[in-house]
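Participant: Take this structure, written in structure tokens, and hold onto it; I'll ask about it next.
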């Protein structure tokens, strides 16, 4: 039982992602089925609604695949950096609620920004910059920086 609990704790995020993915796939299948049912109705308004409703599962499936690939690629880069000892340390001070103190994150951010400016073709620096953006609370720039890291890694800038 202790092994099962330890395995659950170690893979909590993957289990959560799997559960949400299964729920979304179920929703997409039901949406698709309802769209097809509406499109087979003789009423033109129902057909139009069915055709419009068909767009939802297509967009949902595209977004799901895109996010799962982003997560898998991010995890692959994190594993490489961890093996190299290049992951940024999570040693920022936190509030009693567990949130990172913004001023400390901003100071730490400058170090990673300078590193990325010095080595703009190194995916590792972009990965670390993404972590710094995330710690500072800027999720939009964190994701953009991670996409840059993934792009650089995939196009062959694997050596640092």
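Participant: Scan (1) within 18 Å of residue 69 (Cα to Cα); (2) in contact (Cβ under 8 Å) with a residue 40 or more places away in the chain for the single condition residue 144 breaks and write down its number.
Facilitator: For residue 144, the failing item is (2).
Participant: Additional query: Going by what's in this entry, would residue 149 be described as surrounded by 11 or more Cβ atoms within 10 Å (Cβ to Cβ) and in contact with a strand residue (DSSP E or B) (Cβ under 6 Å, 6 or more places away or on another chain)?
Facilitator: no
Participant: I'd like to verify a number: residues in the stretch 114-134 that are closer than 23 Å to residue 71 by Cα and part of a helix (DSSP H, G or I), how many?
Facilitator: Qualifying residue count, the stretch 114-134: 13.
Participant: Hey, another quick one. Among 92, 24, 69, 38, which is in contact with a strand residue (DSSP E or B) (Cβ under 9 Å, 6 or more places away or on another chain), on the phi < 0 side of the Ramachandran plot and not assigned by TED's automatic domain parsing to the domain that holds residue 128?
Facilitator: 92
Participant: Further, regarding this structure: Just to check your reading of the model, which residue among 108, 117, 103, 82 is over 17 Å from residue 154 (Cα atoms) and crowded, with 17+ Cβ neighbours inside 10 Å?
Facilitator: Of 108, 117, 103, 82, the one residue that is over 17 Å from residue 154 (Cα atoms) and crowded, with 17+ Cβ neighbours inside 10 Å is 108.
Participant: Is it true that residue 104 is within 15 Å of residue 74 (Cα to Cα), in a helix (DSSP H, G or I) and out of contact with any strand residue (DSSP E or B) (no Cβ under 6 Å at 6 or more places or on another chain)?
Facilitator: no
The values are calculated or read from the model by the stated rules, or taken from the named source; none is laboratory data. Everything quoted here is computed from the prediction, not taken from an experiment. Every residue, glycine as well, gets a Cβ built from its backbone with ideal geometry; the counts of neighbours run over all protein chains shown.
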